[in-house]
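The next block holds one structure in the form of structure tokens; read it before the comments.
The values are calculated or read from the model by the stated rules, or taken from the named source; none is laboratory data. Quick caveat: nothing in here was measured; it's all calculated off a predicted structure. Every residue, glycine as well, gets a Cβ built from its backbone with ideal geometry; the counts of neighbours run over all protein chains shown. Quick note on the areas: whole protein, heavy atoms, side chains included, nothing else; ligands and nucleic acids left out. Shrake-Rupley method; radii C 1.70, N 1.55, O 1.52, S 1.80 Å.
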Amino acid sequence: MAIGSGKESRNGKPLDVEGGNQSAGIPASGEVEGNSFSPQGNPGFHHWQSSFITEPGLEDRGNIFFAAVEMTRMPMVVTDPNQPDNPIVFANKAFLDLTEYPEDQIIGRNCRFLQGKDTDPGTVREVRTALAEHKAVAVDILNYKADGTPFWNALFIGPVFDREGRLLYYFASQLDITRRRFSEQAYLQAQKMEAIGQLTAGLAHDFNNLLQIVSGNHELATAQVAAGDDPSEAISRASAAVQKASRLTTQLLTFARKQRLEPKRVNLNSVVVEFSDMLVRTLGDKVDLSLDLKPNVPHCTLDPIHFEMALLNVLINARDAMPDGGKVTIGTSILDEQERVDAHELPPGTYVVICVIDEGSGMTPEVAARATEPFFTTKGPGTGLGLAMVYGFVRQSQGRLEIESKPVKGTTIRMIFPATERVARTANADAARRQGDRGGAKWSPDAVVNPRTILVVDDSQDIRELVESFLSARGYRVITAASGEEALTLVERYGDIDLLFTDVIMPGGMNGFQLVDRLRQRIPALPVLLATGYMEELPRSPDDDARLHVMSKPFKLADLGERIQASLLPGGAPKPAGSYRHEG
């Protein structure tokens, strides 16, 4: 739904005068688009959203314009708000064809006779509000034909004034978009399912990680209780993993939902942080995701589920634009300086900007201009509804979508939403705490003397902490890393290791097998344990040999301890402590 500007608030737009001042109109200027269907196929700028005439009346029906109105296949009606109940005073022949009502059952009645049991009351209220304010309005509304058949009606209504600005009529055009509406819903549902399909492997990975955290901490807690130690920390970690699994399940279910969700007061930083795991899985192992979130951004009022889907669609486009990999940055900022607000052609106020920047192939100006058109795609079998859905959602949320793109230089997409309040508490505190120390070594005195050093590599911080806690309690030196690249840096920092325990699938440019190959160039006989949550799709390493073993997630910590002990047995005598370097 979108409501245009009134005759007193046309923001300085010049009147479009026709016929030697016989009539004039206020150009639409893209103000009556919203998320409703546009018959032009793109935003309307030149058609009139309201008009001024010098000769009121419907008696002159002998000119070409009346013939055109009766010959067009676009249904049209005129109502008279100066009569009780704003009745229809003219309906063209196409309107009779659309509704299947005879003319004598149309003239003199209010248009509400087309409404029925499933017509959205909220849409009706939006239309009534616009009419009460003498403004144009465009909506998609469910109406009913004479025989009771429902149809989706792309309705546009605009006011007609006399030269003194007195309201004379309302003009309305309609278009049956039932087939298109059902097709769009089917495509959107297919798009949701496609997104779920793309995320399936990543979700399996995440769920297996969470199961690993729960089962591993259960083992630790059981052992600690038996030893008379306090198990509360292990229980807390397991409980946190259960909560994460619940959130992950909720996110997955939202993609299959069909019902319309209501806007809520949300902090975009919080939504991005909570949704980031799924975004990382969507981007795959070739694309790095970077978050640049400004602290203390104001809250916005929007539908968080639709926002997540919009963000996911933008990131899928960014990923597809970088088939060889690259970097995607999601950033937030506050827009409140009047000069900057004016530069974005926004009403005065405070706004929250979320931008997605990729290093992809970019778009030509011609392609970028059409990027938000429904069914326009440059991705072969794509539906062409991704950015169209994003555009509709942003407009429906009273926001603005901006696209900047250059061939070979990449693309920046900004979603700008009005702020609900000026000051908000930071949403990044939890994220900052979760980042923590991603690779520091925490060695006990026993581990400094003990000869065995194990490098644990997993993108889940909870799993790294769980395995580090378990192995450190058994006297091993433990170094942890969140990615293959970080693991290589730590080996350079601390010296050679005795065993590598690594996940197979990790975000970024290096998976577990590639890390094994790199480390074995330095340490040829390095024992390796791999962990994965889906054995069936496990890639094969060209250097696979007897020193490389695979454990399926979730695994028991006791089994991990036995596998590590067995893997280290052929290593012979331990290395002297002097072969390790300690920072400081």
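Some points to look at:
- The lone criterion from (1) more than 21 Å from Leu387 (Cα to Cα); (2) surrounded by fewer than 18 Cβ atoms within 10 Å (Cβ to Cβ) left unmet by Thr364 is number (1).
- Here is the figure for segment 117-171: residues that are part of a helix (DSSP H, G or I), charged (D, E, K, R) and closer than 15 Å to Thr79 by Cα total 1.
- Residues of segment 485-500 classified as under 24 Å from Ala241 (Cβ atoms) and open to solvent by less than 10 Å² (accessible area, probe 1.4 Å), total: 1
- Qualifying residue in segment 87-103 (condition: on the phi > 0 side of the Ramachandran plot and within 37 Å of the chain's Cα centre (by Cα)): no
- Scan of segment 460-469 for residues that are open to solvent by 10 Å² or more (accessible area, probe 1.4 Å) and touching a residue at least 60 places away in the same chain (Cβ under 8 Å), ordered by number: Ser460, Asp462, Glu465, Ser469
- Cross-chain or 6+ apart pairs with Cβ under 8 Å, segment 112-130 first and at pLDDT below 95, then of a type in the set (Lys, Arg): Val124/Arg112
- Index of the failed condition, Gly399 passing every other in (1) of a type in the set (Gly, Ala, Ser); (2) open to solvent by 40 Å² or more (accessible area, probe 1.4 Å); (3) at pLDDT 80 or above: (2)
- Considering segment 501-528, and only residues there that are in a helix (DSSP H, G or I) and open to solvent by less than 50 Å² (accessible area, probe 1.4 Å), the residue that is farthest from Ser276 (Cα to Cα) turns out to be Arg520.
- Residue count for segment 241-283, restricted to those that are outside any helix (DSSP H, G or I) and at pLDDT 80 or above: 5
- Under the condition of being of a type in the set (Ser, Thr, Tyr) and under 21 Å from Leu168 (Cβ atoms), the residues counted in segment 56-81 number 1.
- Complete set of residues in segment 55-69 that are touching a strand residue (DSSP E or B) at 6+ places or on another chain (Cβ under 7 Å), in a loop (DSSP other than H, G, I, E, B) and either over 25 Å from Glu164 (Cα atoms) or in contact (Cβ under 8 Å) with a residue 60 or more places away in the chain (or both): Pro56
- Scanning segment 70-115 for residues that are within 19 Å of Gly158 (Cα to Cα), part of a helix (DSSP H, G or I) and open to solvent by 80 Å² or more (accessible area, probe 1.4 Å) yields a single hit, Arg112.
- Scanning segment 290-307 for residues that are touching a helix residue (DSSP H, G or I) at 6+ places or on another chain (Cβ under 9 Å) and closer than 15 Å to Ile413 by Cβ turns up just one, Phe307.
- Residue match in segment 176-190 (condition: open to solvent by 30 Å² or more (accessible area, probe 1.4 Å) and at pLDDT 85 or above): yes
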